[in-house]
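Novice: Quick one: the structure is below, questions incoming.
The values are calculated or read from the model by the stated rules, or taken from the named source; none is laboratory data. The model shown is predicted, which means the values in this text are computed figures rather than measured ones. Cβ coordinates were reconstructed from backbone atoms using ideal geometry, including for glycine residues, and neighbour counts include every protein chain displayed.
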């Protein structure tokens, strides 16, 4: 049986891949970064759903046993009634569950891209768990390009985070969902700005737990003898993507890099021996 | 005969459309914003060339008499030997010509996206005009998302511009090419940071002059009786695009908005009466 597929619009989902690798060190993973069309977070739900479907179909050609949608914006357009012929895991529900489990006061904040915030997908998932929860959202469109620029430790990034969190700080929340895979990269600054009493929820950890539960319950087969390969596909060519992905994946290393043309059937050179 | 086609990855090319409209008020323009795949400036030349070709082919279905590539990143992959069956104008050569005409000291700076800077396309165009010109480039990837966030007047944007221009300020240039259609939106801040002695070159004005020359020389037909329509197509659906595009186009107004699916033949509902 094939690897676990993971996809994101770009490099951010590598934080999810890393959490999965840490949880399932012997599993094979095939990562697809749709770098030719990134970012998803500023695009319409209709367009994002079209991209999601294409990515899942492409990964299925590698006999993936499951697909993890590491992108919050893409997960936000995923509905329970969609069937893809392979189990597809989004990051929203695990993130909402983790926030609900952690909150003491029932006051939860959500940071996300414009698409994720407008979809209200975290708010709906949280209200389903308990309609009395208080929620507040903030779109942070500049955090993605700042991380991709490699400015995560720059004072300008801190200033932008302070500006984005200004209103949220007044709302006395005790739990904050990092609703975009890029945000864990600036987790420490967000923690400092919000204060130590606010618990940050990283969807990367939440999704890894979700998969571990499904494996424990027998819904998903885990094949520890596979060998722990990490193969990365990207729809655009770019040394910068390799550089940032390798940096985020550290200390784990990536076994192979390949270009993916979503309009063509892949050559399936990976996993020939499985 | 059809309109003049103008395309950009997103909303930035509206600054070019506005300059064209001001120069040719009676001409019809059809603008295509490839918002489903923006930005181009972080993607590889190969991918950007594929997008460019698709956009030109799509616009040709509306019988455009010429296509203006309003995007610097897309213009940077355009070579003189490419033929598209319709005249295609890029912004690089007009920008380089304008800078060469304006410089007194022969020291020229270039601001652009990562793709444009890496391609060295402005440097090559300038050195072709005079190999002794001194050039210095700076990639400014954050300016596009800042403009698209509507933060052009925020002090954070000024800080980021100061940081980007730090090295260039030491180089004693007298002319600076704004090598991305988003940059004219923050022109005043760039002017303030560089000082009044530095002349800024806006490719929007330069390309309008280029077309006017070709019309004057009979290479391009200008039909003033057309009626001055401005129709806008976008590959993604988004109220935000409409909002920013209308703001940038002011005081001119846009006659129609439509979604474009590049995989399909357009319905050609525009210009039925021409």
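Novice: Could you tell me which of the residues B:169, B:192 is without any contact (Cβ under 8 Å) to a residue 60 or more places away in the chain, surrounded by 14 or more Cβ atoms within 10 Å (Cβ to Cβ) and not assigned by TED's automatic domain parsing to the domain that holds residue B:66? Full working, then the answer.
Specialist: Numbers: B:192 fails: surrounded by 14 or more Cβ atoms within 10 Å (Cβ to Cβ).
Answer to the check: B:169.
Novice: Just to verify a result, which residue in the range B:1-14, among those that are more than 14 Å from chain A (Cβ to nearest Cβ) and in a loop (DSSP other than H, G, I, E, B), is modelled with the lowest pLDDT?
Specialist: B:1
Novice: Take residue A:102 and tell me if it is at pLDDT 90 or above and under 16 Å from residue A:206 (Cα atoms).
Specialist: Working: at pLDDT 90 or above: yes; under 16 Å from residue A:206 (Cα atoms): yes.
Here the answer is yes, as residue A:102 does meet what is asked.
Novice: Answer with yes or no whether residue A:69 is buried (at least 16 other Cβ atoms within 10 Å of the Cβ), free of Cβ contacts under 8 Å to residues at least 60 places away in the same chain and away from chain B (no Cβ under 14 Å). Spell out how you get there, then give the answer.
Specialist: Details: buried (at least 16 other Cβ atoms within 10 Å of the Cβ): yes; free of Cβ contacts under 8 Å to residues at least 60 places away in the same chain: no; away from chain B (no Cβ under 14 Å): yes.
No.
Novice: Find the residue count for the range A:123-138, including only residues that are farther than 16 Å from residue A:72 by Cβ and either within 14 Å of chain B (Cβ to nearest Cβ) or assigned to a strand (DSSP E or B) (or both).
Specialist: Residues of the range A:123-138 that are farther than 16 Å from residue A:72 by Cβ, as a first pass: A:127-134, A:136.
Okay, now just the ones that are also either within 14 Å of chain B (Cβ to nearest Cβ) or assigned to a strand (DSSP E or B) (or both), so A:134, A:136.
Residues flagged as farther than 16 Å from residue A:72 by Cβ and either within 14 Å of chain B (Cβ to nearest Cβ) or assigned to a strand (DSSP E or B) (or both) within the range A:123-138 amount to 2.
Novice: Just to be sure, is residue B:157 closer than 22 Å to residue B:38 by Cβ and not assigned by TED's automatic domain parsing to the domain that holds residue B:16? Don't jump to the end; show me each part of the working.
Specialist: Numbers: closer than 22 Å to residue B:38 by Cβ: yes; not assigned by TED's automatic domain parsing to the domain that holds residue B:16: yes.
Yes, satisfied.
Novice: Need the failing condition index for residue A:63 against (1) under 21 Å from residue A:213 (Cβ atoms); (2) not assigned by TED's automatic domain parsing to the domain that holds residue A:120, just the number.
Specialist: Of (1) under 21 Å from residue A:213 (Cβ atoms); (2) not assigned by TED's automatic domain parsing to the domain that holds residue A:120, only one is false for residue A:63: (1).
Novice: Scan (1) in contact (Cβ under 8 Å) with a residue 12 or more places away in the chain; (2) surrounded by fewer than 20 Cβ atoms within 10 Å (Cβ to Cβ); (3) more than 28 Å from residue A:120 (Cβ to Cβ) for the single condition residue A:216 breaks and write down its number.
Specialist: (1)
Novice: Continuing with this model, one more query. For the range B:95-116, give me each residue that is surrounded by fewer than 24 Cβ atoms within 10 Å (Cβ to Cβ) and in contact (Cβ under 8 Å) with a residue 24 or more places away in the chain.
Specialist: Of all residues in the range B:95-116, those surrounded by fewer than 24 Cβ atoms within 10 Å (Cβ to Cβ) come to B:97-98, B:100-107, B:114.
Within the range B:95-116, B:97, B:98, B:100, B:102, B:103, B:104, B:105, B:106, B:107, B:114 qualify.
Novice: Quick one: residue B:147 ticks every box in (1) in contact with a strand residue (DSSP E or B) (Cβ under 8 Å, 6 or more places away or on another chain); (2) in contact (Cβ under 8 Å) with a residue 40 or more places away in the chain bar one, so which box is it?
Specialist: (1)
Novice: Somewhere in the range A:218-226, is a residue farther than 19 Å from residue A:8 by Cα, modelled with pLDDT under 90 and under 20 Å from the mean Cα position of the chain (by Cα)?
Specialist: Here is the first cut: in the range A:218-226, the ones farther than 19 Å from residue A:8 by Cα are A:218-226.
From the residues that got through so far, the ones that are modelled with pLDDT under 90 too are A:218-226.
Those still in the list that are under 20 Å from the mean Cα position of the chain (by Cα) too: A:220.
Within the range A:218-226, one or more residues are farther than 19 Å from residue A:8 by Cα, modelled with pLDDT under 90 and under 20 Å from the mean Cα position of the chain (by Cα).
Novice: Oh, and also: When the residues of the range A:30-52 are filtered to those that are more than 11 Å from every other protein chain (Cβ to nearest Cβ) and out of contact with any strand residue (DSSP E or B) (no Cβ under 6 Å at 6 or more places or on another chain), which remaining residue is surrounded by the most Cβ atoms within 10 Å (Cβ to Cβ)? Quick ask: steps written out before the conclusion?
Specialist: From the range A:30-52, those more than 11 Å from every other protein chain (Cβ to nearest Cβ) are A:30-33, A:49, A:52; that's our starting set.
In the following step, the residues that additionally are out of contact with any strand residue (DSSP E or B) (no Cβ under 6 Å at 6 or more places or on another chain) were identified as A:49, A:52.
Values: A:49: 16, A:52: 27.
Looking at the filtered set, the residue picked out is A:52.
Novice: Here is a further query. Take residue A:141 and decide whether it is part of a loop (DSSP other than H, G, I, E, B), under 20 Å from the mean Cα position of the chain (by Cα) and modelled with pLDDT under 95. If you could, list the steps in order and put the result at the bottom.
Specialist: On the way: part of a loop (DSSP other than H, G, I, E, B): yes; under 20 Å from the mean Cα position of the chain (by Cα): yes; modelled with pLDDT under 95: yes.
Here the answer is yes, as residue A:141 does meet what is asked.
Novice: What's the number of the condition residue B:26 fails, among (1) within 16 Å of the chain's Cα centre (by Cα); (2) over 23 Å from residue A:48 (Cα atoms)?
Specialist: (1)
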